[in-house]
Amino acid sequence: MDTEILARIQFAFTIAFHYIYPPISIGLGVLLVIMEGMYIKTGKKIYENITKFWIKIFALVFAMGVATGIVMEFEFGTNWATYSRFVGDVFGSALAAEGVFAFFLESGFLAILVFGWNRVSTKMHFFSTIMVSFGAMLSAVWIVVANSWQQTPAGYHIVNNGGYLRAEITDFWSMVFNPSSVDRLLHTLSGAWLTGAFLVLSVSAFYLLKNRHVDFSKKSIKIALSLAVFASLFQLLTGHHSAQGISSTQPAKLAAFEGHYNTSPAPLYLFGWVNNNEQKVNFGVAIPGMLSYMIYGDFDKPVKGLNEFKPEDRPPVNLVFQSYHLMVVIGFTLIGLSLLSLLLLRKDALFKNKLFLKILVASVLLPQAANQLGWISAEVGRQPWIVYNLLRTKDALSKSVGSGEIVFSLILFTLIYALLFVLFIFLLDRKIKHGPDEEVEKDGVYSEQKVIFKNN
């Protein structure tokens, strides 16, 4: 198989597997702040139990995220040396900032978060929870900045360094706030918040179906549902705004999203199958002019089509089309589930509806699927460029790495990641089956606990 294809498969596999965990960490981090805040506000032991249980899950997910993320940095040097040389100044700055300002912040306070109960004051432990949550989101900031620069480069110039072209930063803040970074960051964060929220909803619904930890589950659902409703609606807003930005910064990607070939007022497809040879969408159902309206506020405004670009400058249209539309479908499904859950909760019917609780148990997979599909849409939609309009993917490979070496390492990574995933599922399943530590609460404030905190 072609070296480029193998290298892309390997990186896609490693990053897709890694990306299972950071969204959970980010979403759970926000929820932990809310949960512990509720404990401090009310003094009720149930909220302490909720916080302690989800901290255990958070620690497991964090460890998996670290273990699976390290590999990608080595792949930059082994399989993508030309790319690393070209973007080293830009990408290296963002990754260094992520390590110094985010990872060390998050990991530094993690020990207090996990082991600091009754060893530090209430305020210090809560501050640690906030810092861990903030560190997780700050990490996403720098990773998204680095990736967004590849999508919409800014704040740089190209220099010849010993016969090799190299992008160097001329304006750091222009690089950070490149045309797509803010939109993509907000969309990524909202997807992560949904991932954490639906994990809590799923586990809590499972407990209710088993008639276990009932009070724990009801309160957990109420907390997670508040974040799920906000994040699902916010993700719709950020996704729309991001698409508007893509129309001017990456028009070929937008055209691929909708299988749009000829520059004209563009429909919005609900579904279909792109026939690239005939340049049309088969079996498609579309709303005429709706894409033009969503981008420009005018049903009759032309949208640039794929035929405006050379065939070698177009992304794989059907893959981008399908991944994008599946992501959108899942996004609206999550909005529906969130709002319907809220409606049932207000009618005091959510905790009694076994069918809907079963749906919530399975729904944990939906945000994960949407995250992966969104990544495919964004990254494959940028092709054939690894740095948009500056460096082609086929030109970014290492010159000295052969297909045999990539196949060997891909097989090895697959086996190791499979073992890690099995271990993760085993530990997660064991923690969920064990459940929170049951402690009898007499519907009051545990005064002894508060005295300990005050003395500290």
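The values are calculated or read from the model by the stated rules, or taken from the named source; none is laboratory data. Since this is a predicted model, take the numbers as computed values, not measurements. Virtual Cβ from ideal backbone geometry, glycine too; neighbours counted across all protein chains shown.
Scanning segment 343-390 for residues that are on the phi < 0 side of the Ramachandran plot and of a type in the set (S, T, N, Q) yields 353, 363, 368, 371, 372, 377, 383. For residue 224, the requirement of being within 20 Å of the chain's Cα centre (by Cα) and either in contact (Cβ under 8 Å) with a residue 24 or more places away in the chain or crowded, with 17+ Cβ neighbours inside 10 Å (or both) is met.
The residues in segment 89-103 that are free of Cβ contacts under 8 Å to residues at least 40 places away in the same chain, small (Gly, Ala, Ser) and over 20 Å from residue 156 (Cα atoms) can be counted, and the count is 1. Just to be sure, is residue 298 surrounded by fewer than 20 Cβ atoms within 10 Å (Cβ to Cβ), farther than 25 Å from residue 150 by Cα, at pLDDT below 90 and out of contact with any Pro (no Cβ under 7 Å at 6 or more places or on another chain)? So residue 298 passes the test. Residues that are touching a helix residue (DSSP H, G or I) at 6+ places or on another chain (Cβ under 9 Å) and aromatic (Phe, Trp, Tyr) were ranked within segment 419-436; the one that is surrounded by the fewest Cβ atoms within 10 Å (Cβ to Cβ) is 421. Determine, yes or no, whether residue 182 is crowded, with 18+ Cβ neighbours inside 10 Å, under 27 Å from residue 251 (Cβ atoms), at pLDDT below 90 and among the hydrophobic types (A, V, I, L, M, F, W, C). In short, no.
In segment 224-275, what count of residues is obtained for those that are of a type outside the set (Phe, Trp, Tyr) and in a helix (DSSP H, G or I)? Spell out how you get there, then give the answer.
Filtering segment 224-275 for residues of a type outside the set (Phe, Trp, Tyr) gives 224-229, 231-233, 235-256, 258-260, 262-268, 270, 272, 274-275.
Cutting the leftovers down to in a helix (DSSP H, G or I) gives us 224-229, 231-233, 235-249, 251-256.
The qualifying residues number 30.
For every residue, the table says whether it meets (1) among the small types (Gly, Ala, Ser); (2) surrounded by fewer than 18 Cβ atoms within 10 Å (Cβ to Cβ); (3) out of contact with any strand residue (DSSP E or B) (no Cβ under 7 Å at 6 or more places or on another chain).
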| residue | (1), (2), (3) |
| --- | --- |
| 151 | no, no, yes |
| 172 | no, yes, yes |
| 191 | yes, no, yes |
| 196 | yes, no, yes |
| 202 | yes, no, yes |
| 207 | no, no, yes |
| 217 | yes, no, yes |
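Filtered by the rule that a residue be hydrophobic (A, V, I, L, M, F, W, C) and closer than 16 Å to residue 203 by Cα, segment 12-36 gives 24, 28, 31, 32, 35.
Conditions tested, residue by residue: (1) in a strand (DSSP E or B); (2) touching a Gly at 6+ places or on another chain (Cβ under 8 Å); (3) closer than 30 Å to residue 221 by Cα.
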| position | (1), (2), (3) |
| --- | --- |
| 113 | no, no, yes |
| 138 | no, no, yes |
| 154 | no, no, no |
| 159 | yes, no, no |
| 179 | no, yes, no |
| 189 | no, no, yes |
| 192 | no, yes, yes |
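For residue 140, indicate whether it is crowded, with 22+ Cβ neighbours inside 10 Å and modelled with pLDDT under 90. Against the criterion (crowded, with 22+ Cβ neighbours inside 10 Å and modelled with pLDDT under 90), residue 140 does not qualify.
Mind checking whether some residue in segment 308-320 is within 28 Å of residue 362 (Cα to Cα) and touching a residue at least 60 places away in the same chain (Cβ under 8 Å)? Yes: one or more hits.
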